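Let me begin by presenting the structure, written as structure tokens, before commenting on it.
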Amino acid sequence: TLRQAVSPVVVMRFFLVGLAAADFSSWDRVLKRHVAVNGSAAGIPIHKVDYCSIAADPDFAAFKTELASANAANLTKAEVYALYMNAYNALAVDMIIRHPRPARRLGKCISSITDIGVLPALTVWDEFAGVVAGKNMSLNEIEGLLRDPSPLGYDEDCRVHGCIVCASVSCPNLRAEAYTVERLDEQMTDNVKDWLASTGKGVAVTGDHLTASHILSPTPWFAADFTKCDGSPLAFMAKYGTAEVQQFIAEHSEVSLSYYPYNWTLNGDAPCDCSDGATDALI
């Protein structure tokens, strides 16, 4: 019979139809076209995102389709990070595009990604963001996997905190190219160094102390991550900060720290008057 003739291998191959190795070329084209690396906001250097143009770019729609059908089975650590960092960044962008005038704003244009969501029950981070490898995921779920990939057999790479971007001025800059498996180590280090060197949101020597990103503060956010990866947030700063920061840390047995206020303003103009296909109400 047909049931007897079909081997387990054939069944597995049939099951995997539609799943493909992740291809980031369409997302790479989107980023290269629509991310300006010489932007600024509130005196802070940013990579300015053109949300209107991304919304209209067929490559962006194509990449979301490719994300949904990506094969996440048996990935190397580099493949995990490339897939899910690109997914986080693309779906954070998509969140802005889909919700330029969310219900809680009563038709007003958003000024921050935090304007999206139904507080306090459902924040933007916990809302459905998109489909990755056949699974409905929120931004928190994607970030959670990157922060704790132990179910996949890997330890966290804390450079991820300088590579995933929450669509805000104080976030690390959205890289103007996709992360790729082949260049991942170089790209992650470069983006972290760019973030920590950024005026007003990275790490800087200010008189007799350091002023650092709130991401590196001893809050419940991520302090435990940096301690686990490098021993402390300060050790992470010493590893990836500017030469001036590294020298300051090396010359002081005790380092006093203050932290920049976090600026949640969008890292580009909200797509309120240009994205005809945007969704105004929350799903």
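The values are calculated or read from the model by the stated rules, or taken from the named source; none is laboratory data. Quick caveat: nothing in here was measured; it's all calculated off a predicted structure. For neighbour counting, all protein chains shown are included, and Cβ atoms are generated from backbone atoms with ideal geometry for every residue, glycine included. Accessible surface is based on the protein model in full, side chains and every heavy atom, while ligands, DNA and RNA are left aside. Shrake-Rupley method; radii C 1.70, N 1.55, O 1.52, S 1.80 Å.
At-a-glance table
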| item | result |
| --- | --- |
| Residues within the stretch 123-132 that are within 30 Å of S25 (Cβ to Cβ) and part of a loop (DSSP other than H, G, I, E, B), tallied | 3 |
| Members of the stretch 231-256 found to be buried (at least 16 other Cβ atoms within 10 Å of the Cβ) and closer than 20 Å to P172 by Cβ, listed by number | P233, L234, F236, M237, A238, K239, Y240, G241, T242, V245 |
| Residue match in the stretch 137-145 (condition: surrounded by fewer than 19 Cβ atoms within 10 Å (Cβ to Cβ) and part of a loop (DSSP other than H, G, I, E, B)) | no |
| Of all residues making up the stretch 177-212, the number that are under 22 Å from A78 (Cα atoms) and open to solvent by 30 Å² or more (accessible area, probe 1.4 Å) | 11 |
| Candidate set from the stretch 115-136 (those that are open to solvent by less than 10 Å² (accessible area, probe 1.4 Å) and either charged (D, E, K, R) or touching a Pro at 6+ places or on another chain (Cβ under 6 Å) (or both)); member that is farthest from A68 (Cα to Cα) | I116 |
| Residue among L83, L106, L75, L91 that is of a type outside the set (V, I, T) and modelled with pLDDT under 95 | L106 |
| Residue match in the stretch 157-164 (condition: open to solvent by 20 Å² or more (accessible area, probe 1.4 Å), farther than 21 Å from A270 by Cβ and either out of contact with any Lys or Arg (no Cβ under 6 Å at 6 or more places or on another chain) or modelled with pLDDT of 95 or more (or both)) | yes |
| Wholly enclosed helices (runs of 4 or more DSSP H) of the stretch 25-122 bearing at least 2 residues out of contact with any Phe, Trp or Tyr (no Cβ under 7 Å at 6 or more places or on another chain) and among the hydrophobic types (A, V, I, L, M, F, W, C) | 51-56, 58-68, 77-98 |
| In the stretch 63-83, the residues that are over 24 Å from N191 (Cβ atoms) and of a type in the set (A, V, I, L, M, F, W, C) | A68, A73 |
| The stretch 56-114, residues that are open to solvent by 30 Å² or more (accessible area, probe 1.4 Å) and under 17 Å from L266 (Cβ atoms) | R98, R101, R104, R105, K108, C109, S111, T114 |
